[in-house]
1. Take ASP66 and decide whether it is crowded, with 18+ Cβ neighbours inside 10 Å and not β-branched (Val, Ile, Thr).
2. Evaluate the stretch 147-167: report whether one residue or more is modelled with pLDDT of 90 or more and open to solvent by 40 Å² or more (accessible area, probe 1.4 Å).
3. Of the conditions (1) outside any loop (DSSP other than H, G, I, E, B); (2) modelled with pLDDT of 80 or more; (3) surrounded by 13 or more Cβ atoms within 10 Å (Cβ to Cβ), ASP143 satisfies every one except a single condition; which number is it?
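The values are calculated or read from the model by the stated rules, or taken from the named source; none is laboratory data. The structure presented is a predicted model; accordingly, all values stated were derived computationally and were not measured. No Cβ is skipped: glycine too gets one built from the backbone with ideal geometry, and neighbour counts run over all protein chains shown. Note: accessible area is taken over every heavy atom of the protein model, side chains too, but ligands, DNA and RNA are not part of it. Shrake-Rupley method; radii C 1.70, N 1.55, O 1.52, S 1.80 Å.
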Amino acid sequence: MPKLLGASNHLFLFRVGYRWITRFLALGCHSLLLFPGFLQVGYYYFFSSQVRRSIFYGDQPRNRLDLYLPKNSDGPKPVIAFVTGGAWIIGFKAWGCLLGQQLSERDIIVACIDYRNFPQVTMSDMVTDASQGISFVYKNIADYGGDPDRIPISQLVHILLLEQSWSRQLKKAVREKAPLGVSPR
């Protein structure tokens, strides 16, 4: 016959269960509070006439970008080229939807550029994808009412600096037959 749990064991299980249940309920409450905002942004992304989704800029499957255009179409508009981040392993162009919506309401065109992620590709491939996307925006943004002379870029500079740094370290490590970040004595 199996041994029955004592009263103290029941209290211990209830306390652990109680903590888990309260945290789960708190997560559910937070999700419910955020859900209307997600619905609103999702509706804008899929049904707004100001969003041009999945414009191809290269020959790879993830070489696409989304454009968020202002309602007012008089004169060339400034452009923000946004390359999403996600620790190099995740990221999707639709993550820039709220940014695109907010800035397009202020007469700024937003280009959210998607790129392939690790481990399917290397850092060089990611940089190539982002560079192709930026190049596409520069060459074609005038067709969408944007001013190619007014495109500030910040994330791409970060990517290129990282790529150059890793490239130098890798070349040095191969030359000196040492692991990355370790200099031989």
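1. The answer is yes for ASP66.
2. no
3. Unmet condition: (3).
Yes or no, residue by residue, for (1) surrounded by fewer than 11 Cβ atoms within 10 Å (Cβ to Cβ); (2) within 18 Å of GLY146 (Cβ to Cβ); (3) under 15 Å from the mean Cα position of the chain (by Cα); (4) not assigned by the TED database to the domain that holds GLY133:
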| residue | (1), (2), (3), (4) |
| --- | --- |
| CYS29 | yes, no, no, yes |
| LEU39 | yes, no, no, yes |
| ILE80 | no, yes, yes, no |
| TRP95 | no, no, yes, no |
| ILE108 | no, yes, no, no |
| PHE118 | no, no, yes, no |
